[in-house]
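Reviewing the structure listed below.
The values are calculated or read from the model by the stated rules, or taken from the named source; none is laboratory data. Source: prediction; values computed, not measured. All Cβ positions, glycine included, derive from the backbone under ideal geometry; neighbour counts span all protein chains shown. Please note that ligands, DNA and RNA were not included when accessible areas were found on the heavy atoms of the full protein model with its side chains. Shrake-Rupley method; radii C 1.70, N 1.55, O 1.52, S 1.80 Å.
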Amino acid sequence: RQTLKNHYALRVSMSYIFYLLVSATMGSTLVFYFKYNLQNTSMLSIYSVTTMVGSVIGILLMKPMYRLMGNAKSCAFCGVVCVVGCIMRWITMDKNLIIFIVAMVIMGFGSGMIGSFSIQCILDSCTYAKLKDGADNQATVMSIFTFSQKLGQALGAVIAGWLLQLVPYQANAAIQKSSVLNLFFAENIIFPMILSGCLAIGFLLVARYEKNLKILVKNKEQEKNF
């Protein structure tokens, strides 16, 4: 019951689902997108390397970002970063290799940081509940967070499969119809852009709780000093 009252943890988990939906939908159709839309599967290696480079850059900048914005606002910022990367890809239709590389580094940075900062946010929610209500329910909160991970991954895969049933996709065909190509494009660029925007909004709401957490921590420290 106390866990359900922890709106901080629930909002973090709900916001994190958007991140998993992006990962699952893109992961389910990524190969198809490069094969049929771009007709260049060798770009998969470029995609993998550039996103990894972005993630490494994010790890190096994680500490200064936390000091500047905190965990929740860093997640929101990274959601916006992913939106920017998607817009770059949308405008160029991934036809410009240089812009594609830059966009994927940007998206790798954003998505990698969201994963790391989300975990910090859920840990903050445990501290918040303990300071505010005296509730020590970290195990339950982490279980809810883990459930949201599995739910997001499952939903993303199911949605991707369901959408594929709505278009005349032909396995192993040399050329796919325009409706199929449009779906692959949407699942790799448009859907991630929209979902990343929703994620950013969700974590901006979480940031309010993080602000209150800092106040609670400060008050606790003052009590100790007296």
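Taking Cβ atoms as reference points and 14 Å as the exclusive limit, the residues near Ala157 contribute a net charge of 0, counting Lys and Arg as +1 and Asp and Glu as -1.
Helix 97-133: angle to the longest alpha-carbon principal axis of the chain, degrees 0 to 90, nearest 10? With rounding to tens, the tilt is 30 degrees.
Using a probe of 1.4 Å, the accessible surface attributed to Leu131 totals some 60 Å² when neighbouring protein chains are kept in position. Build a GNM of the chain with springs between Cα atoms under 10 Å apart, and of Ala103, Ala154, Ala173 the one that fluctuates most is Ala173. Projected onto their three principal axes, the Cα atoms of the chain cover extents of 74, 36, 22 Å, largest first.
Would you check the chain for Lys pairs whose C-alpha atoms are within less than 20 Å, ignoring same-chain pairs closer than 8 in sequence, and give me the count? Close lysine pairs found across the chain: 25. Between Ala139 and Lys177, the modelled labels are 5.4 nm apart [label points 7 Å from Cα along Cα→Cβ]. The residues of the range 176-222 have, on average, 50 Å² of accessible surface per residue, using a 1.4 Å probe with all protein chains present. What the range 24-67 shows is 57 Å² of accessible area per residue, with the surface traced by a 1.4 Å probe over protein heavy atoms. Of Ile17, Ile201, the residue with the largest accessible area leads and the full order is Ile201, Ile17 (1.4 Å probe). Of the accessible area of the chain, with the probe set at 1.4 angstrom, what percent is carbon plus sulfur? Looking at the chain in its full context, I get 65 percent from C and S. Taking Ile98, Ile159 and ordering them by how much accessible surface each has at a 1.4 Å probe, largest first, produces Ile98, Ile159. GNM on the chain, C-alpha springs below 10 Å: top fluctuator among Gly70, Gly79, Gly108? Residue with maximal mean-square fluctuation among Gly70, Gly79, Gly108: Gly70. Taking Leu10, Leu155 and ordering them by how much accessible surface each has at a 1.4 Å probe, largest first, produces Leu155, Leu10.
Projecting the Cα atoms of Gly108, Ala173, Asn37 onto the charge dipole of the chain, computed from C-beta unit charges around the Cα centre, puts Gly108 farthest toward the positive end. Summed over all non-identical Cα pairs, the Kirkwood treatment of the range 63-121 gives a radius of 11.8 Å.
Comparing Leu213, Leu166, Leu38 in a Gaussian network model of the chain where C-alpha atoms under 10 Å apart are linked, the largest mean-square fluctuation is found at Leu166.
Taking 8 Å as the Cα distance limit and 6 or more residues as the minimum spacing, I'd like the relative contact order of the chain as a percentage. Mind dumping the intermediate values first?
Details: 286 pairs, mean separation 91.6, N = 226.
For the chain, the relative contact order is 41 percent.
Averaged per residue, the range 83-134 has 43 square angstrom of accessible surface, using a 1.4 angstrom probe with ligands and nucleic acids left out.
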